Amino acid sequence: METEFQILDCDYITLETPIVRLFGITKEGKSICAFVKGYYPYFYIKQDKNSPESLETLLKKKFPGLVLHVENIQKYQPIGFNTEKQNLIKITINDPARVPEVRDY
């Protein structure tokens with residue numbers, strides 16, 4: 001079912017997996033809350049001397065059951081104006097609340 005609405009706010013809850021909740025209003029003025037399943041939090045780091053495979057092994061050992069994917073991607077850096085894509089490592093985990101802990105590690 002498709003419903004068009006303007007998003008006013010969002011958050012997440014964690015049941016078995018993270019669920020993003022989108023709060024909004026339809027064209028008809030009705031309040032709505034949409035649940036989005038299957039979206040997992042991720043962040044990027046610059047690729048250094050570690051390969052994505054060795055980094056994945058390290059992270060999965062340090063944070064068992066938390067790290068879902070570690071992959072090498074080509075992407076524009078999110079800060080500043082860039083004309084060329086950079087090699088970045090995308091790290092996907094299964095708990096939004098623990099992103100800062102893994103990222104800071």
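The values are calculated or read from the model by the stated rules, or taken from the named source; none is laboratory data. Model, not experiment: these values are computed from the prediction. Backbone-built Cβ (ideal geometry, glycine too); neighbour counts: all protein chains shown. These area figures cover heavy atoms from the full protein model, side chains too; ligands, DNA and RNA do not enter into them. Shrake-Rupley method; radii C 1.70, N 1.55, O 1.52, S 1.80 Å.
At a glance:
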quantity: Output for the range 66-85, where each listed residue is more than 20 Å from residue 37 (Cβ to Cβ) and open to solvent by 70 Å² or more (accessible area, probe 1.4 Å); calculated: 71, 72, 74, 75, 76, 78, 79, 81, 83, 84, 85
quantity: Single match in 80, 65, 29, 38 (criterion: modelled with pLDDT under 90 and at positive phi); calculated: 80
quantity: Subset of the range 1-29 (residues that are of a type in the set (Asp, Glu) and either open to solvent by less than 70 Å² (accessible area, probe 1.4 Å) or over 19 Å from the mean Cα position of the chain (by Cα) (or both)); calculated: 2, 4, 11, 28
quantity: Every residue from the range 30-65 that is loosely packed, with under 11 Cβ neighbours inside 10 Å and within 11 Å of residue 89 (Cβ to Cβ); calculated: 46, 48
quantity: In the range 62-72, the residues that are part of a strand (DSSP E or B) and in contact with a helix residue (DSSP H, G or I) (Cβ under 9 Å, 6 or more places away or on another chain); calculated: 67, 69, 70, 71, 72
